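Q: Got a structure for you, questions after.
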Amino acid sequence: MHPCSARSDTTARFRLSRSLAFLFPLLLLAACDKQDSATPEASPTPTSTPSPTPTSAATTPGAALDLGALLERDNPIRVLDYYAAALAAEEWSSAARAWGEETGMTGEKLKAEFGGKGLVALGIVEGQADAAAGSLFYQAPVILRFGDGEERPGIITLRRVNNVDGATAEQLRWHIAGSSFETNPQTKQ
């Protein structure tokens, strides 16, 4: 059994809640702007997870990042949590460190892609592990949410060499090998 498949639903909800913790202050600000009215307006039924409450400093801008995740060989979710925290803190160079060297990802590329859109949150859903030709892969469905209301569902693929003799520390650690996101993002109001 892969160590990632043993996670409980509670753990998955906790990680998703933690990844989206930045929304709570935004919702409070939005509520402050609304005026009281005698008749409440109808609102559409939400189709997403209820608004989370902050549960960890990991996604709070300025919080210390889990640098040990950059050496992780067992749990790819830990690398995704690190990446989510770095994106939320707009620490683009730190976020780029979660990517494999072979990808050529840089902080400048991440800033160009995600910067200037307000707060960035990466919602992570438990994915699936697979093995092929001496490598392990982990694909996780994710949702990028920006402070400007844009949402971009996608997939992040992590990879590591499966304990092959002569493999380097870089090859043995879980790292992001690629990502793909919908090209027509949705905006939530």
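The values are calculated or read from the model by the stated rules, or taken from the named source; none is laboratory data. Note that the structure is a prediction, hence the values are computed from the model and not measured. Glycine also receives a Cβ, built like all others from the backbone with ideal geometry; neighbour counts cover every protein chain displayed.
Q: Look through the stretch 154-182, keep the residues that are touching a residue at least 60 places away in the same chain (Cβ under 8 Å) and surrounded by fewer than 18 Cβ atoms within 10 Å (Cβ to Cβ), and return whichever of them is farthest from Leu70 (Cα to Cα).
A: Here the residue is Gly178.
Q: OK, next. Looking at (1) surrounded by 11 or more Cβ atoms within 10 Å (Cβ to Cβ); (2) modelled with pLDDT under 95, which is the one condition that is false for Cys32?
A: (1)
Q: Go through the stretch 129-151 and report how many residues are closer than 23 Å to Val161 by Cβ and touching a residue at least 12 places away in the same chain (Cβ under 8 Å).
A: Counting residues in the stretch 129-151 that are closer than 23 Å to Val161 by Cβ and touching a residue at least 12 places away in the same chain (Cβ under 8 Å) gives 9.
Q: Ala96 is checked against (1) more than 16 Å from Arg173 (Cβ to Cβ); (2) surrounded by 17 or more Cβ atoms within 10 Å (Cβ to Cβ) and fails just one. What number does that condition carry?
A: The number of the failed condition is (1).
Q: Now, a different point. Is it fair to say Glu151 is farther than 22 Å from Asp66 by Cα and in a helix (DSSP H, G or I)?
A: no
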